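The values are calculated or read from the model by the stated rules, or taken from the named source; none is laboratory data. These numbers come from a predicted model, not from an experiment. With ideal geometry, Cβ positions are generated from the backbone for all residues, glycine too; neighbour counts draw on all protein chains shown. To get the accessible areas, we keep the full protein, side chains included, count just its heavy atoms, and leave off ligands, DNA and RNA. Shrake-Rupley method; radii C 1.70, N 1.55, O 1.52, S 1.80 Å.
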Amino acid sequence: KAFRRQAERQACSDYYYGPHMDLCPRPTVVPFSKLFLYQAASTPPAPTDALPIGAVAAPKEVEMVRVAPSEGLDKRILGVVTKFGTVKEELSEQQAKDLSTADCVGFVHIQRVDMANQRVTLLMPNAVGLPSNVMLMGDVDLPD
């Protein structure tokens, strides 16, 4: 497990700063109201001993749920999804389903969550700005 954490940390460092520390990422402050964060909901399959004899559990569809901003987002890595561009309201149920197969065009790192002012500081690998405000959250974080 320690090796995996070190490999994640090194990959994230290389992504933002370059393998020779020659890149300069840019922090950007974004209000909560302009971010639409989603995460795959974990729905455990039915236990096989609870199914009728000979029955096989049907595969579950991936359900994407909106994530409310909280202190728990601190240090998380988010994938930026451009499938819907910049949106102004929550995705429809069908659009949320489509997120499970959407491509990520890059990643941002939540450096700070400011609950008092309802905003986050995102570390972005370039100064161009966000191509989309729809993001996917996994289980990778980048501790200091």
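Gyration tensor over the Cα atoms of the stretch 1-99: the corresponding equivalent ellipsoid has semi-axes (square roots of 5 times the eigenvalues, largest first) of 34, 23, 12 Å. Given R0 = 35 Å, the distance between the Cβ atoms of Glu71 and Asp49 translates into a calculated FRET efficiency of 0.35.
Note on the chain: GNM, Cα springs under 10 Å; of Pro69, Pro19, Pro52, the largest mean-square fluctuation is that of Pro52.
Taking 0.36 nm per residue of separation and subtracting the current Cα-Cα distance, fully stretching the chain between Gln95 and Asp114 would add 4.0 nm.
Selection among Gln118, Phe3, Met135 by position relative to the dipole of the chain gives Gln118 as farthest towards the positive end (Cβ unit charges, Cα centre). Model label sites at Val62 and Asn126, defined 7 Å from Cα along the beta-carbon direction, differ in position by 2.5 nm. Taking all protein chains together and rolling a 1.4 Å probe, Asp22 ends up with roughly 100 Å² accessible. Helix 2-17 and the longest principal axis of the C-alpha atoms of the chain enclose an angle of approximately 50°.
Multiplying the residue separation of Arg4 and Val30 by 0.36 nm and subtracting their alpha-carbon distance yields 6.3 nm. Rolling a 1.4 angstrom probe over the protein heavy atoms with all chains in place gives the chain an accessible area of 64 Å² per residue. Per-residue surface analysis assigns Leu130 an accessible area of about 60 Å², computed on protein heavy atoms at 1.4 Å probe radius. On the stretch 1-138, 56 percent of the accessible area sits on carbon and sulfur atoms, based on a 1.4 Å probe. Candidates Ala41, Pro52, Thr86 compared by Cα position along the dipole of the stretch 18-126: farthest toward the positive end lies Thr86, with charges placed on Cβ. If you sort Arg119, Arg4 by accessible surface, 1.4 Å probe, largest first, the order is Arg4, Arg119.
The accessible-area ordering, largest first, of the residues Lys34, Lys1, Lys75 stands as Lys1, Lys34, Lys75, per a 1.4 angstrom probe. For the stretch 47-143, the relative contact order works out to 37 percent when only alpha carbon pairs closer than 8 Å and six or more residues apart are counted. The convex hull of the Cα atoms of the stretch 50-119, projected and averaged over all directions, covers 7.5 nm².
Using Cβ point charges alone (K and R +1, D and E -1), the dipole size of the chain about the Cα centre works out to roughly 260 debye.
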